[in-house]
1. If the Cβ limit is 6 Å and pairs must be 6+ apart or interchain, which residue in the range 73-84 that is among the acidic types (Asp, Glu) pairs with which residue that is surrounded by 22 or more Cβ atoms within 10 Å (Cβ to Cβ) and part of a strand (DSSP E or B)?
2. Scan the range 69-110 for residues that are under 14 Å from Val9 (Cα atoms) and among the polar types (S, T, N, Q) and jot them down.
3. Please enumerate the residues belonging to the range 230-246 that are of a type in the set (S, T, N, Q) and either over 11 Å from Thr35 (Cα atoms) or surrounded by fewer than 20 Cβ atoms within 10 Å (Cβ to Cβ) (or both).
4. In the range 121-144, what residues are of a type in the set (D, E, K, R) and assigned to a strand (DSSP E or B)?
5. Look through Glu178, Glu200 and report the one residue that is in a helix (DSSP H, G or I) and at pLDDT 95 or above.
6. What number of residues within the range 233-251 satisfy the criterion of being within 17 Å of the chain's Cα centre (by Cα), part of a strand (DSSP E or B) and touching a residue at least 24 places away in the same chain (Cβ under 8 Å)?
7. Check Ser151 against each of (1) closer than 29 Å to Gly215 by Cα; (2) outside any strand (DSSP E or B); (3) at pLDDT 95 or above and name the one condition it does not meet.
8. So which residues in the range 128-167 are touching a helix residue (DSSP H, G or I) at 6+ places or on another chain (Cβ under 8 Å), of a type in the set (D, E, K, R) and not assigned by TED's automatic domain parsing to the domain that holds Val225, if there are any at all?
Amino acid sequence: MSPSGLELVEVGDDRTRLDTFSDLMLEITPSWSRTTEQMLATFELDPTQRRVIARLDGEFVGFATVGRVWVLPIDNPTAWCELGVQQSHRGRGIGTALLAWSRETAPTIGKTLLMVPCSSDRPDGIEFLQARGFEEYDRMAGVHLDLEGVSPPDVKFPPGVRLTSLGAEPALRASAYEAAVEIFADLPDPVPVSAGTYEEWRLRDVDTPDGPLDGYLLAVEDDAVVGYCRLLNEQRGRVIGHAMTGVRRSHRGRGIAQALKHAAIAWAIERGAEEMSAENAIGNEPMRAINRKLGFVPAPDFVEMKGSAGEGPTT
């Protein structure tokens, strides 16, 4: 039962409400928080997305969002669903009300399943979902690197390969997209994921407020992109996140991924970031080994829980 006085306030594209939503995310789920500008930018990619903020006795205490899973086809039945409640207000039925709203909302945008991100250091959140019919779908191993006192590493690419960025050479967009298509296709996800169309890739990965173009690092050989490392401003610039590091099949095993990682660390240090974060698929041992070699240490796992938008079992 929801507590007396609880309201779920629709956010839409109202900047004041998006500011509140962003503040709540930064407080409750900092690892995947977003700014107002980042959320506004996603409406072109997914105009069906919806958000609410939970207000209890005049105070905003939680949030929920439902929208498309961007790396899956637009007609996939699974919706992305983020939930959060302030620590001091948990256990009062607010999360239950937010999940109920999410389950009611998903069918209105053509979705029958919900994918909810959780963190392994919040087992209560995972248990909350398990008690409501959700099951673990996927898990990414989190790592982080404290940048305090770290010197920029040497960046050495193999002969014939050079470092640049989409900011420095925007004409390489088409080649970068070709690399992304191949790299996404090889990701060890439970189901195949995709870079999407060129236009979707531009909206999701390139022309985004959180992803500066000079942080979209490219390894180039003979004017073709053979690998890239995409960096994001997280937690309002305090943390630099590795959204993706990948190398084309023809160029793997030559040290390009490690060189891109070195370039990423140097880029983050130059911009005064305090920390770097990354997530690796459990089965992606080559990249996990590179991260260990670079000094990254374990952080909480990123856990995806999947369940029905109704009350039935996961399908």
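The values are calculated or read from the model by the stated rules, or taken from the named source; none is laboratory data. A quick note: this is a predicted structure, and the numbers were derived from the prediction, not measured. Counting neighbours? That spans all protein chains shown, and the Cβs are built from the backbone with ideal geometry, glycine included.
1. Glu82/Thr65
2. Ser102, Thr105
3. Across the range 230-246, the qualifying residues are Gln235, Thr245.
4. Scanning the range 121-144 gives Glu135, Glu136, Asp138, Arg139.
5. Glu178
6. The total comes to 9.
7. Of (1) closer than 29 Å to Gly215 by Cα; (2) outside any strand (DSSP E or B); (3) at pLDDT 95 or above, only one is false for Ser151: (3).
8. Arg132, Glu136, listed by residue number.
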